[in-house]
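Data block below; observations after.
The values are calculated or read from the model by the stated rules, or taken from the named source; none is laboratory data. Here the structure is a predicted model, which means the values were calculated and not measured. Backbone-built Cβ (ideal geometry, glycine too); neighbour counts: all protein chains shown.
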């Protein structure tokens, strides 16, 4: 089984200057369920850049 998880590459909320990104828990919870089930997991972002970790996670 192959699973693609797409994470945001946006690190700012529009032109507000406020930081944004994905929450690590939102990635980790399904990631380890899929991994334990034997899935091949690929992480990607829409723009092909590094995924942006949310400001409260840094």
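The residue of segment 1-24 that is modelled with the lowest pLDDT, among those that are touching a helix residue (DSSP H, G or I) at 6+ places or on another chain (Cβ under 9 Å) and exposed (fewer than 12 other Cβ atoms within 10 Å of the Cβ), is 18. Scanning segment 26-58 for residues that are surrounded by 10 or more Cβ atoms within 10 Å (Cβ to Cβ) and without any contact (Cβ under 8 Å) to a residue 12 or more places away in the chain gives 26, 28, 29, 32, 33, 35.
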